[in-house]
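One structure below.
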Amino acid sequence: MDKQPRTLGDRFAPRWLTGRRLVIGVPFVWLAFAFLVPFLIVLRISVVENDPANPFGTLFTISDGAVQLHARFSNYLFLVQDDLYLITYLSSLKFAAITTALCLFIGYPFAYFMARAEPARRPMLLMMVMLPFWTSFLLRIYAWKGILANHGIINNTLISLGVINEPLQMMNTQFSLVLGMVYAYLPFMILPLYANLVKMDVRFLEAAADLGATPWQAFWRITVPLSVSGIIAGSMLVFIPSVGEYVIPELLGSPDTLMIGKVLWDEYFTNSDWPMASAVTVVVILLILVPMTIFNKYRAEQQEGGRA
């Protein structure tokens, strides 16, 4: 077969700018500048001496023609020794896991209904899911204070109906914290699930019905396994920002609610201890990325085994 003639641009363009390398290289360059470089900066700050006049500290010095490295790991040792940080990490992971589970429990039926709706109605349903993003995140969360307060909409309605005699304590509790986080991150669960379910071939369900499977059996044995990638994507989109959430715990949580986002804020802006705050940040990133990497590797091995 005759080869296609090379264009003038192909002849003079560098090899790394052609074909697959360019397509793969652009996202890698973006990830390097958007994630790797900031992470390395934070990692550097976490191992330097705390100096309010120079938050970035001094990592290398030159003395008598020799380069000296001044790296301190006392911040990481302090994180291991102080129970407060361990409790805060576990509390953040707990609330993030609860939020993810509730978003999946609520969001899956929503996404399933949207995917099975008539094609003409799907754009309207998608718009309803994305409609909250048209309003400021801070305003949407702050509105829950007026809904859940002791003299808010819910308590006033229940008292006027005679259901309760005294206001229910809903604000500044774990209930209000979880409710606010589920409300804020529910669309991030629905959209990946919908994108996965809407592409599913319904002929599988028809074949299952022909073979005698009930709708419930077909759902658990066909729909759910085929939507695992959407479940994973939605869970990651909810879990990762929930771990470091600051605004919702600050507005809706109780004063004794321990979340890593509040600890970071206090270390950065109250204590002005940038190295300690950076160490906390590095550990949070590792707590999220290491399990994700292991899980993705496990999933890739399973998929390769299934193809074999």
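The values are calculated or read from the model by the stated rules, or taken from the named source; none is laboratory data. Since this is a predicted model, take the numbers as computed values, not measurements. Positions of Cβ are generated from backbone atoms using ideal geometry, with glycine treated the same way; all protein chains shown enter the neighbour counts.
Quick rundown of the values:
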read-out: Residue tally, condition touching a residue at least 40 places away in the same chain (Cβ under 8 Å) and either in a loop (DSSP other than H, G, I, E, B) or of a type in the set (A, V, I, L, M) (or both), over region 228-252; value: 14
read-out: Gly146 vs. criteria over 27 Å from Ala101 (Cβ atoms), of a type outside the set (A, V, I, L, M) and under 30 Å from the mean Cα position of the chain (by Cα); value: yes
read-out: Search result, residues across region 228-252 that are over 16 Å from the mean Cα position of the chain (by Cα) and surrounded by fewer than 21 Cβ atoms within 10 Å (Cβ to Cβ); value: Val228, Glu250, Leu251
read-out: Checklist (1) in contact with a Ser or Thr (Cβ under 9 Å, 6 or more places away or on another chain); (2) over 23 Å from Leu131 (Cβ atoms) applied to Leu211, failing item; value: (1)
read-out: Pair list, Cβ under 6 Å, 6 or more apart: region 260-286 residue hydroxyl-bearing (Ser, Thr, Tyr), other residue in a helix (DSSP H, G or I); value: Tyr268/Ala277; Ser278/Val42; Ser278/Ile45; Thr281/Val42
read-out: Among the candidates Thr100, Thr88, residue that is among the hydroxyl-bearing types (Ser, Thr, Tyr), in contact with a Ser or Thr (Cβ under 7 Å, 6 or more places away or on another chain), part of a helix (DSSP H, G or I) and closer than 30 Å to Gly230 by Cα; value: Thr100
read-out: Pairs, first under 13 Å from Ser272 (Cα atoms) in region 45-63, second in a loop (DSSP other than H, G, I, E, B) and hydroxyl-bearing (Ser, Thr, Tyr), C-beta under 7 Å, six or more apart; value: Pro52/Ser272
read-out: Failed item, numbered, when Asn271 is tested on (1) modelled with pLDDT under 85; (2) more than 17 Å from Asp82 (Cβ to Cβ); value: (2)
read-out: For Trp216: the one exception among (1) of a type in the set (A, V, I, L, M, F, W, C); (2) free of Cβ contacts under 8 Å to residues at least 12 places away in the same chain; (3) closer than 21 Å to Ile41 by Cβ; value: (3)
read-out: One residue from Asn172, Asn150 being crowded, with 18+ Cβ neighbours inside 10 Å and more than 30 Å from Ser229 (Cα to Cα); value: Asn172
read-out: Pair list, Cβ < 6 Å and 6+ apart or interchain, from region 111-123 residues that are buried (at least 19 other Cβ atoms within 10 Å of the Cβ) and at pLDDT 90 or above to residues that are in a loop (DSSP other than H, G, I, E, B) and not charged (D, E, K, R); value: Ala115/Val198
read-out: Any chance Ala96 is touching a Phe, Trp or Tyr at 6+ places or on another chain (Cβ under 8 Å) and not β-branched (Val, Ile, Thr); value: yes
read-out: Contacts under 9 angstrom Cβ, first residue in region 181-194 being in contact (Cβ under 8 Å) with a residue 40 or more places away in the chain, partner of a type in the set (Val, Ile, Thr) and outside any helix (DSSP H, G or I), 6 or more apart; value: none
read-out: The listed residue being in contact with a Lys or Arg (Cβ under 8 Å, 6 or more places away or on another chain), within 29 Å of Val182 (Cα to Cα) and free of Cβ contacts under 8 Å to residues at least 24 places away in the same chain, out of Gly146, Gly152; value: Gly152
read-out: Single condition Pro255 does not satisfy, out of (1) assigned to a loop (DSSP other than H, G, I, E, B); (2) loosely packed, with under 13 Cβ neighbours inside 10 Å; (3) modelled with pLDDT of 85 or more; value: (3)
read-out: Residue match in region 66-76 (condition: touching a Ser or Thr at 6+ places or on another chain (Cβ under 8 Å) and assigned to a helix (DSSP H, G or I)); value: yes
